[in-house]
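Notes for the one structure printed next.
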Amino acid sequence: MNRLGSLKRLGTWPLLAVAAALLPYVVVSGSARLLAVTALIYALLAASWNLTLGIGGIFNFAHVGFFGVGGYAMAVSTVTWHFNPWLGLLLGSVAGGLAGALAYLPVIRMRGIYIALITFVFVQLCYYLVLAIPGITGGSSGLTGVPALTLGDFSFAKYSGLGYLWLLGGAVVLLLLLLKATLRSPFGKSLIALRDNEHLAVSRGMNRVRQHLLAFILSGAIAGVTGALYVAYFRVADVTLFSFGFVTLGLSMIFLGGTSHIWGPVLGALIVTVIDRQLTDLGPMRAIIIGVGTLLVLIFLPNGISGLLEDVWNRARRLLPKKQSRLGDKMNSPELKEASHVR
Amino acid sequence: MSDAIVSILVSAIVLGSLYSLMASGLSLIWSTLGVFNYAHGALLLLGAYFIWTFSEKAGLPVLLAFAAAIPLLALLGILLDLVAVRPFISRPNGTLLVMVSTLAIANAVEGAAQMIWGPQNRQIDAVTTATLSLGDVKIVGSTLISLGLALVLVIGLMTLLRKTEWGMAVRAVEQNRDMAMLVGIRPARVYGTVFAVAAVLACAAAFVYGTTTTITPTKGFEPLLTAFVVLVFGGSATLWGTLVGAFTIGLLEAGTTYWLGLQWSPVAVFLVLVLIMLIRPQGLVKGRSS
């Protein structure tokens, strides 16, 4: 117990970073590395989506669109314009951020369900635009031959994607740190305030439109980089990036993991990716299982796994006799209080 | 040139009929429960496949197959309400949860359709091959049937809502749930019937859709999204608006398909939607908050 306590004081972040660095030594085989890379990409997608959906409380369904736009920015810039793939990553984030701003414009004066519908339409608009301008996007056959990321002579695709594992593992840790810092910053606090009590927040001088626009741009830029990384790893961009399956998969990750903690969607992404991998051989049955599974999670696990774990943890602690340490521990985890849905 | 205009008008009528049937069901659910049913396209898909199965496999005449599919769809509508709406509607963020749950169901239905009916193109036989000649212009009978079905059902729904006890109960729940309960209306039962009626409208839309185009398991979403655009365009408050919106969007889609090409028409429709949102959002949100 004592040792655990000192480990906790050390912080979980260095541990996470070490875990990310050691990941390629644990995940050795090619297929396992493919699975790990996919899971990490989804983790980035789900965690950045949660910035608007869970933390911001905005019914944003356009996130998959930002992901796809970033992916296409990568593919078009490297395949058609022969840019360096690292520049492609940068362009992916810029394009994702721009897409975020663009998707927010029509919904500025909307609330709730209308935002969900319009942002959903945004994804469809991307889908049809890609099909409508085949000269740039390759139409329904997509763009193939996206170059892999390289560093000097080292290609990230070598050794079954060793470089990607490190890059993505590091990116997930960085994103979690960034989200944590955001939650603690005035910006993050204003997002939560706007979510929990908009009238009060606005009356205290918060600019809802500006803060939400910033949240869209930030989460869009992260989703854009994620899409660019996805395309750089799989070396191809096509319209399935904007498909319904992607939207449902992403939402199931967020809601399985739970929206109340920044690590919830990451956990959800890892779990859903592993389950999804097991289901790929089942063909259409996979869609049924994912759909029904999502429904069951929504009904029986309203706060997701992160909420369940928190619940179990709190109950277990209540069973322990050490009363005075409880208060101290609680004070040590401000993000726990900040991120909870206190109304 | 007149040929072009006639062919545009004919496809505008078919599309408008399809969208008005879809959008009126969506609008009914939306105005009564305040949720958007993403599984409405899945209902359309199932309706089309049921009609196809009854007519192709069981050998029923198309109209009888359609009649046989209607009660099935009504039951599915009630089931949808029970599993995807009832558990969430009273939770905080209920509207978002209903959206995600109906989206999940839509995905599951797509997979199920893929398993049961396969990925092949299916088409329901036209009820009649007769054509109506107006001078040089020939109008196919099924176009008129689509139009008649849409007008009869949507105007019929308006009458039901205005004249019957059920309609009054629906409007009462829509306007003030608590007061409605005080006078003895049970909202849960009203919601169930609303979903059943919406599913029947989706079945009629499936009939129009399945007789005019081929269906595959992935084709439920397209008419759903356009129906949503119709809802926004026509205003969700009145079914008249829905009818006008449906045929306007149908005309827009038919026109852009003819002049710009098939792939541009959804882009044009969605851009119009975004423009409406920017210029006249108050017409959309008016009277309702979520």
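Annotations for the structure displayed:
- One residue stands out in the range B:113-156 among those that are within 14 Å of chain A (Cβ to nearest Cβ) and closer than 30 Å to B:VAL197 by Cβ: the one that is least open to solvent (accessible area, probe 1.4 Å), namely B:ALA113.
- Members of the range B:71-91 that are outside any helix (DSSP H, G or I) and within 11 Å of chain A (Cβ to nearest Cβ): B:ARG86, B:PRO87, B:PHE88, B:ARG91
- Some residue of the range A:278-296 being away from chain B (no Cβ under 12 Å), in a helix (DSSP H, G or I) and in contact (Cβ under 8 Å) with a residue 24 or more places away in the chain: no
- From B:SER31, B:SER17, residue being open to solvent by less than 40 Å² (accessible area, probe 1.4 Å), part of a helix (DSSP H, G or I) and either under 15 Å from B:PRO223 (Cα atoms) or among the aliphatic types (A, V, I, L, M) (or both): B:SER17
- Taking the criterion of being touching a Leu at 6+ places or on another chain (Cβ under 8 Å), within 11 Å of chain B (Cβ to nearest Cβ) and open to solvent by less than 20 Å² (accessible area, probe 1.4 Å), the only residue of the range A:131-152 that qualifies is A:GLY139.
- Hey, B:LEU103 part of a helix (DSSP H, G or I), touching a residue at least 24 places away in the same chain (Cβ under 8 Å), within 14 Å of chain A (Cβ to nearest Cβ) and on the phi < 0 side of the Ramachandran plot or not: yes
- Among the residues of the range B:51-74, the one identified as crowded, with 22+ Cβ neighbours inside 10 Å and free of Cβ contacts under 8 Å to residues at least 60 places away in the same chain is B:ALA65.
- When the test is whether a residue is within 30 Å of A:VAL130 (Cα to Cα) and either open to solvent by 20 Å² or more (accessible area, probe 1.4 Å) or modelled with pLDDT under 90 (or both), A:ASP238 passes it.
The values are calculated or read from the model by the stated rules, or taken from the named source; none is laboratory data. Small disclaimer: the values here were computed from a predicted structure and weren't measured. Note that each Cβ is placed from the backbone with ideal geometry, even for glycine, and that neighbours are counted across all protein chains shown. Protein only, heavy atoms only, side chains kept; ligands, DNA and RNA dropped before computing areas. Shrake-Rupley method; radii C 1.70, N 1.55, O 1.52, S 1.80 Å.
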